[in-house]
């Protein structure tokens, strides 16, 4: 792509990244969550992919590494569910809510200001799903783009 | 609380979580070594089978079990997802685990030269998970989620041989049919949600009023799940994908197909269980209408399956059409038991239908594995290109003979018991149907005798002089299925009494299913 | 081909009539009929899950198992795409 | 009538999508058709949860004077739709990669020219 597109992508990419991470991190307080934020970050990565071309992107990060990240995100998610089994004796138990420790504050009922330290395991799950969705969506886009641009397809 | 009790208490969750976690871990494990990956997949499936067996022994002796995700107790209203495991669900789960383990053993040799096996085993475990989830879940939206997992993962597996255009075509056809079907299932779920504000199957069954919208939802659910199960007018994807997927995968896709069939049973017998006897116009009860529609479609399935199988030359595709006919027999039995609800032969028909689910899995699975073994040693699909294999492939020939007799319903093999129960009960409903069903079986026998002569007996072709017997793990997989076929054929009553009759009575007894949830509030 | 079009149009109009009749049986837009499950979630989301966001509490807590399935779907799609685009030895 | 307009839109979308899947001969158009059906179903789900004048079921900085649960839209359909959207993405990705392979294999997207699996 031309220099204009690349420069624009360079400028926009950090903002997209930060916005996506914000949406992931505040999933338990504001609209959004792991899936939505992950999709935003992945679209930011796709922007770079479009601007610089898939061979360049493929040199930067391999699809196998992204797939590993995706596996790790999924394992993290299911591990949190298993921790619920261990600590609150039920699969998918929300063992952190009301415990007073990390993310363990219970908000006052009714309209409240946002308190980041709430939600129990929800922020952790949001984070795991976020990692998973970023890697998953981006690897799909990357593999498809690389396959359509490579020589054997002509 | 002993550890065994704790495992039993959490086994519904562990049955899903174990194969799921191993599917997530498999891409990492396969980095170590290919052998480790193969063994890991089998061991994790073995662990899952242990949980299924543990749960089965409890459910069969102590009645249904529920498991709530994320909370200890039930409370009004039911906001959480819960699993409700009864004898029928656990029977299907046992079939799924059997097919999965045999498929993995078979794949060891069958695919050892192929690439992408880490993805293959991952997707295999995911389809198994989804089939188990569909069979154990007590929440209708959760059912839809597992339906979609099975649709996506099996579509990718059908396209495993990407260099063949036909495999891609079959996979595309499969995903179009099953995703449209799944979207309509979601639409029906939306209709339920709009009326009753509930997603739990037992709650829905308790609240169901059979309004006009419920009738629409029933039609949509029957059509879309029937599509996924391979019922007649929308069966086209089935021979395509069964014929083009690797035969080890066919076993796995079959378990997903049977899970969709189980979905139909669950919808008709449980969700609509309370209203089956209400009357429509002209004082026709609902169950008669549903039953006869299913019977009509089943007869069409049997006829199409058998007639199309007669003219096939591609062996795998031929067996695919035979599978359509077998699904027709299952629907025939279920349709009979619904149409004649309340009579004594309805129960017999249901026993036959439920047993035939297992027999269909064993017989068609065995035939596919044999066809896969032929493809493995000769690399040929068409019946015109293979001949005289019996000299070099003695074991495979014996296994094919067993599969042939079983699928045609010959004593003393397993197909005989279930088909006999089906003929017997259908005869009491309408003798003509029974004759058509019998005729279908005879034609199936003819089809497979033709295959036996063409592929195994017949003159030896020069280019097939030095074919070898299939590798050991493939023989082991076929031998296991053949052993099941013979055992069930010899001791049908043992299986009928321990598994089939409890499963059938669990289906009939929707009041117990509902009271497990509603009564516990 | 002509015949197929005619049958198709017939089936389609039938389906359309069928659907149009059914939607008027629904509760009108903006007035859901029964709301006991959702009202329970709205009132209890703050003290049961400790979350201000009702939707996230449903996605990750009340119906967290569905979300596991959803994550699995994405995982299987990625595995499927990687399987289809793998480099095949000839 | 006017309060049923969104549902009519749903039915129209489902029928348009079904038309594209059944009658169109181009694979990409079939994929688009499935996406349209899926959007229709998502729209249906999300509309079931709307309450006249309701706000999103989020308590962070809730407008003062909002009485809940009466003035909040239902959260469950939104969660279901979220699941359904992700499923749609997955199906779309898989279908498009199949279409790419089919195009490479046959050099066309016309269903009639691709069909090898008959009878």
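Each reported figure results from applying straightforward, stated rules to the coordinates on display, with no laboratory input. Here the structure is a predicted model, which is why all the values come from computation and not from measurement. FYI the Cβ positions are ideal-geometry reconstructions off the backbone, even for glycines, and counts take in every protein chain you see.
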Review point. Quick one: B:240, B:38, fewest Cβ neighbours within 10 Å first, how do they rank?
Key: B:38, B:240
Point to revise | Partner chain coverage, peptide A:48-55 - average Cβ within 10 angstrom | key: 0
Study note, to complete from the structure: Binned at 5 Å from zero, the C-alpha pair distances of the range D:12-119 give percents of 2, 11, 15, 15, 14, 10, 9, 7, 6, 4, 3, 2, 1, 0
**Study point:** For residues of B:111-123, the mean tally of beta carbons on other chains within 10 Å
**Key:** 4
Practice item. Apply 1/(1 + (r/R0)^6) to the Cβ-Cβ distance of residue B:391 and residue D:106, taking R0 = 30 Å, and write down the FRET efficiency to the nearest 0.05. Key: 0.15
Review point. With the Cα gyration tensor of chain C giving a ≥ b ≥ c as the square roots of its eigenvalues, does the rule (a/c under 1.5 for rounded; else a/b larger than b/c for prolate; else oblate) give rounded, prolate or oblate?
Key: oblate
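Rounded to a whole number of µm²/s, how large is the Stokes-Einstein D of the range B:205-303 at 4 °C and 1.567 mPa s, given Rh as the Kirkwood radius over C-alpha pairs?
Details: Rh = 14.8 Å.
Translational D for this selection: 88 µm²/s.
Going by C-beta contacts inside 10 Å, put D:60, B:396, B:122 in order with the fewest on the left.
Ordered by Cβ neighbours within 10 Å, fewest first: D:60, B:396, B:122.
So what's the back-of-envelope 222 nm ellipticity for chain A, counting only DSSP H runs of four-plus at -39500 (n - 2.57) apiece and dividing by all residues, rounded to 500? Before the final figure, lay out each step's value.
Numbers: 5 runs with 102 residues, N = 154.
Dividing the helical sum by the residues of chain A leaves -23000 deg cm²/dmol.
Taking Rh as the Kirkwood radius, which is the inverse of the mean 1/r over Cα pairs, what is the Rg/Rh value for the range B:1-275?
Numbers: Rg = 18.8 Å, Rh = 19.2 Å.
Rounded to two decimals, Rg over Rh is 0.98.
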Revision key, fill the gap. With bins of 10 Å, the percent of all Cα-Cα pairs of the range B:334-393 per bin from 0 is 20, 29, 18, 17, 15, 2
Revision key, fill the gap. For chain A, the longest principal axis of the Cα atoms and the Cα long axis of helix A:122-149 enclose an angle in degrees, to the nearest 10, of 10
Point to revise | Whole-Å distance, taken between Cα centres, linking the range B:208-223 and the range A:83-139 | key: 38
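May I ask for the percentage of alpha-carbon pairs in the range B:280-490 that lie more than 30 Å from each other?
Working: 5831 of 22155 pairs.
Summing the P(r) of the range B:280-490 above 30 Å gives 26 percent of all pairs.
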Point to revise | For chain B, calculated [θ]222 nm from helices alone, where every DSSP H run of n ≥ 4 adds -39500 (n - 2.57) | key: -25000 deg cm²/dmol
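What Kirkwood hydrodynamic radius, in Å, does the protein assembly as shown give when the mean of 1/r is taken over all pairs of distinct Cα atoms and then inverted? Display every interim value, and only then the final one.
Values: mean 1/r = 0.0359 Å⁻¹.
Result for the protein assembly as shown stands at 27.8 Å.
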Check your understanding: Highest mean first, what order results for A:115-128, C:74-87, D:2-15, B:20-33 on Cβ atoms within 10 Å?
Key -> C:74-87, A:115-128, B:20-33, D:2-15
Study note, to complete from the structure: Compactness summary of the range A:5-64: radius of gyration and Dmax from Cα atoms, Å, are 12.8, 39
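Would you mind ranking D:39, B:337, B:382 so that the residue whose beta carbon has the fewest other beta carbons within 10 Å leads the list?
Working: D:39 17, B:337 33, B:382 12.
With the fewest neighbours first, D:39, B:337, B:382 line up as B:382, D:39, B:337.
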Practice item. Round to the nearest 10 and give me the degree value, 0 to 90, for the angle of helix B:394-407's Cα axis relative to the longest principal axis of chain B. Key: 40
Check your understanding: Taking the range B:59-190, how much of its Cα-Cα pair set, in percent, is spaced more than 24 angstrom apart?
Key -> 42
Check your understanding: Any idea what angle helix B:3-29 forms with the longest principal axis of chain B, computed on alpha-carbon atoms, 0 to 90 degrees, nearest 10?
Key -> 50
Revision key, fill the gap. For the protein assembly as shown, percent of DSSP beta bridges that are antiparallel (nearest 5) comes out at 75
**Study point:** Relative packing of peptides A:32-39, A:100-107, B:47-54 - highest average C-beta neighbours within 10 Å first
**Key:** A:32-39, B:47-54, A:100-107
Study note, to complete from the structure: What the Cα atoms of the range A:3-153 span along the principal axes, largest first and in whole Å, is 56, 32, 18
Revision key, fill the gap. Of all C-alpha pairs within chain B, those more than 39 angstrom apart amount in percent to 20
Exercise for review: Partner chain Cβ atoms within 10 Å, averaged over the residues of A:123-134 - can you pull that number for me?
Suggested key: 3
Review point. Taking the Cα centre of each part, how many Å lie between the range B:260-317 and the range B:425-462?
Key: 22
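Can you show me the helix-derived [θ] at 222 nm for chain C, built from DSSP H runs with n ≥ 4 at -39,500 (n - 2.57) apiece and divided by the number of residues, rounded to the nearest 500. Numbers along the way, then the final one.
Working: 3 runs with 52 residues, N = 90.
Roughly -19500 deg cm²/dmol at 222 nm, from the helical runs in chain C.
Could you order peptides B:165-174, B:320-329 by the average number of other Cβ atoms within 10 Å of their residues, highest first?
Details: B:165-174: 24.6, B:320-329: 28.0.
Result, highest mean first: B:320-329, B:165-174.
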Check your understanding: Cα centroid distance between the range D:13-57 and the range D:66-104, in Å?
Key -> 11
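Please label the shape of the range D:67-119 as rounded, prolate or oblate, based on the square roots a ≥ b ≥ c of the eigenvalues of the alpha-carbon gyration tensor (a/c under 1.5 means rounded; beyond that, a/b larger than b/c means prolate, else oblate). Mind showing how you got there, number by number?
Details: a/c = 5.57, a/b = 3.89, b/c = 1.43.
Since a/c reaches 1.5 and a/b is larger than b/c, the shape of the range D:67-119 is classed as prolate.
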